[in-house]
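The values are calculated or read from the model by the stated rules, or taken from the named source; none is laboratory data. What you see is a predicted model, and the numbers here were worked out from it, not measured in a lab. Here Cβ is always computed from backbone atoms with ideal geometry, including for glycine, and neighbour counts include all displayed protein chains.
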Amino acid sequence: MTIILTGFSGTGKTSVGQRVARALGWEFTDTDEFIVQRVGKPISRIFAEDGESAFREHERQAVATACGRSGAVVSTGGGAIMDDANRRIMLDAGLLVCLEARPEIIYDRLQSTVANEDSDTSVRPLLETSEQDPLERIESLKRERQWAYALAQWTIPTDALSVEQIVQEILRTWRRFGPRLIARDDPNLAATVIAESNSYPVTVGWDILEQQLGERMLAAGLQGRAYVICDQNVIHPYGRMAQRSLHKAGIEAHYFIFPPGEASKSLATAEAIYGWLAERQVERRDTIVAIGGGVAGDLAGFVAATYLRGLSLVQVSTSLVAMVDSSIGGKTAVDLPAGKNLVGTFHQPSLVLTDVSALTTLPERALREGWAEALKHGLIMDASLVETYESRADGLLSLEPELTTEVVARNVALKARVVTQDEKETTGLRMLLNYGHTIGHGVEAASGYEGYLHGEAVAIGMAGAAKLGLRMGVTPGDVVERQQALLRRFGLPDRMEGVDKEAALDAMAHDKKSSSGQVNWVLLEAIGRATSHRGVSSENVDSVLTELGAS
């Protein structure tokens, strides 16, 4: 196994990697230094004399060689992970750790590096470009690379940490998760969630359900019977596809089919499933397989978490909401009349399989509401993903296979990264994923879970959060405008109709994200950057709901 360090220049990969290697008694390789020794001249001269394409070819060879060694710590160049071949090698080789830092911190560190007359590094061109301010160049490159950095199994913010503290964090991570990692060449592996309670792969592809479900369950060690839970709309064709795949793998399958819709996500439905499982004498070695969207995933996940004190769970996503959000992270729940998702627990799956081609059979409204969760990920975490939404909206709305699969995989990587670092919302990072959900859940509850689909309510919630942030001086006006344009481009509402304001406020007061009676609001500071806020005045919230159309 290998520990690979990625991240922007100036995040400390070389100094940290050297100390980690010494602590483990392993070999250390810096791919930039490897190239310098092999080519016989500094990287700045390779760029100047041979061009970037020549450097990248040297870099591919260096990454392949360094990551092919067992018992090694490898520090890679900041842009190495952007190459498809490099990325596959790095993800397959072992534990990929991203060292992160804010652009301002990186700029200061690189300035110090370049000020050293004896230094000749690959970061010099970043600071000497005549076309763009160095800090702006760093910010731009970080946005472009953020989606790839998000694929790392672990991310460490280095801004306020010493080198030794970073080293200790990497060693703790390796001791906890290293033995669980299995190196393999898997073109459909979008991310690996490394949670404390369980680690699991998330696979994303086009037309992979029937081909891969059974085989992947066997590979995950799930060899008992499969108890499939899906709704009446999903059993044909996806339930039957799964059945054929499971049969081919020699896995016995049984089906529980429930009425579609949020109303089925209830304790009554869960109790009915418990009875069904008891009649069939389900054992701890058996597996619950959820096929469908967020309702199926939440309901089946809740049953898996609570029956026999916990059964293995496989999530098979067929809706966009489930693909990019609800199937990943282990949140399971059912609703109560007082609010949504009030009874639940965390129960990580053993496998998540996403067949993006299933989106082609979704009704247009269901497809469009799913984009709300995908837009949310970009708005709160990845400015470059927002730029993709803005520039490639037509291709995404028409479900171009390659583009849509890529964007779904990028969303998966972002969600997996957050779950890995904050499995149970203890650090506040995962709380950011609730952007738009406070008002959104209030809209859903006030309309009896019938007037708006989940994604539509979240879209209205994001519009409200942006307006609230603008009122509070947190969210800039241009951010509000860009978000509004995105929502409208993807056919999502930014206003509500027929929603009772008092009912929405009451539901928001019971929201599970509340703390000490105060709602935790997630607001945008910029495209790609969100923060949580408490103590938001009721007057501002009331005014925003009125502005959104509540009466």
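Below is a table of values for the structure above.
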| read-out | value |
| --- | --- |
| Selected residue [exposed (fewer than 13 other Cβ atoms within 10 Å of the Cβ) and over 24 Å from Q168 (Cβ atoms)] from Q37, Q61 | Q37 |
| Tally of residues being more than 22 Å from L110 (Cβ to Cβ) and at pLDDT 95 or above across the stretch 30-56 | 0 |
| Qualifying residue in the stretch 469-488 (condition: in contact with a strand residue (DSSP E or B) (Cβ under 7 Å, 6 or more places away or on another chain), surrounded by 24 or more Cβ atoms within 10 Å (Cβ to Cβ) and under 16 Å from S326 (Cβ atoms)) | no |
| Selected residue (only one of G370, G301, G297 is in contact with a His (Cβ under 6 Å, 6 or more places away or on another chain), at negative phi and among the small types (G, A, S)) | G301 |
| Matching entry among A304, A263, A290 (being closer than 21 Å to L336 by Cβ, in a strand (DSSP E or B) and in contact (Cβ under 8 Å) with a residue 12 or more places away in the chain) | A290 |
| Check on A393, surrounded by fewer than 22 Cβ atoms within 10 Å (Cβ to Cβ), out of contact with any strand residue (DSSP E or B) (no Cβ under 9 Å at 6 or more places or on another chain) and hydrophobic (A, V, I, L, M, F, W, C) | yes |
| Residue that is nearest to V536 (Cα to Cα) [pool: residues in the stretch 424-461 that are among the hydroxyl-bearing types (S, T, Y) and more than 22 Å from the chain's Cα centre (by Cα)] | S447 |
| Candidates G451, G498, G491, G442 - the one that is surrounded by fewer than 21 Cβ atoms within 10 Å (Cβ to Cβ), in contact (Cβ under 8 Å) with a residue 24 or more places away in the chain and under 24 Å from V334 (Cβ atoms) | G451 |
| I105 vs. criteria under 28 Å from E52 (Cβ atoms), touching a helix residue (DSSP H, G or I) at 6+ places or on another chain (Cβ under 7 Å), of a type in the set (A, V, I, L, M) and at pLDDT 80 or above | no |
| Flag for T388 being closer than 27 Å to R102 by Cα, among the polar types (S, T, N, Q) and either in a helix (DSSP H, G or I) or within 15 Å of the chain's Cα centre (by Cα) (or both) | yes |
| Condition broken by L24, with the remaining ones in (1) surrounded by 15 or more Cβ atoms within 10 Å (Cβ to Cβ); (2) under 26 Å from V193 (Cβ atoms); (3) in contact with a helix residue (DSSP H, G or I) (Cβ under 7 Å, 6 or more places away or on another chain) satisfied | (3) |
| Scan of the stretch 357-385 for residues that are acidic (D, E) and either over 20 Å from the mean Cα position of the chain (by Cα) or farther than 22 Å from P237 by Cβ (or both), ordered by number | E364, E373, D382 |
| Qualifying helices (runs of 4 or more DSSP H) (wholly inside the stretch 141-248; at least 1 residues being closer than 20 Å to M90 by Cα) | 163-177 |
| Residue in the stretch 428-437 that is hydroxyl-bearing (S, T, Y) and surrounded by fewer than 24 Cβ atoms within 10 Å (Cβ to Cβ) present | no |
| Residue satisfying condition, being among the β-branched types (V, I, T), buried (at least 20 other Cβ atoms within 10 Å of the Cβ) and more than 24 Å from the chain's Cα centre (by Cα), within set I291, I273 | I273 |
| When residues of the stretch 417-445 are limited to those that are modelled with pLDDT under 90 and aliphatic (A, V, I, L, M), the one farthest from R88 (Cα to Cα) | A445 |
| Boolean, K501 is at pLDDT below 95, touching a strand residue (DSSP E or B) at 6+ places or on another chain (Cβ under 9 Å) and among the basic types (K, R) | no |
| Residue in the stretch 273-327 that is modelled with the highest pLDDT, counting only those that are under 29 Å from L379 (Cα atoms) and of a type in the set (D, E) | D298 |
| Residues of the stretch 315-347 that turn out to be assigned to a strand (DSSP E or B), touching a helix residue (DSSP H, G or I) at 6+ places or on another chain (Cβ under 6 Å) and either among the aliphatic types (A, V, I, L, M) or not assigned by TED's automatic domain parsing to the domain that holds A226 (or both), as a count | 2 |
| Which listed residue, of R240, R280, is without any contact (Cβ under 8 Å) to a residue 40 or more places away in the chain, among the basic types (K, R), out of contact with any Phe, Trp or Tyr (no Cβ under 6 Å at 6 or more places or on another chain) and assigned by TED's automatic domain parsing to the domain that holds G301 | R240 |
| Residues of the stretch 348-380 satisfying the condition of being buried (at least 22 other Cβ atoms within 10 Å of the Cβ) and not in a helix (DSSP H, G or I) | Q348, P349, L351, V352, L353, T354, D355 |
| Selection status of D494, among the acidic types (D, E) and not in a helix (DSSP H, G or I) | yes |
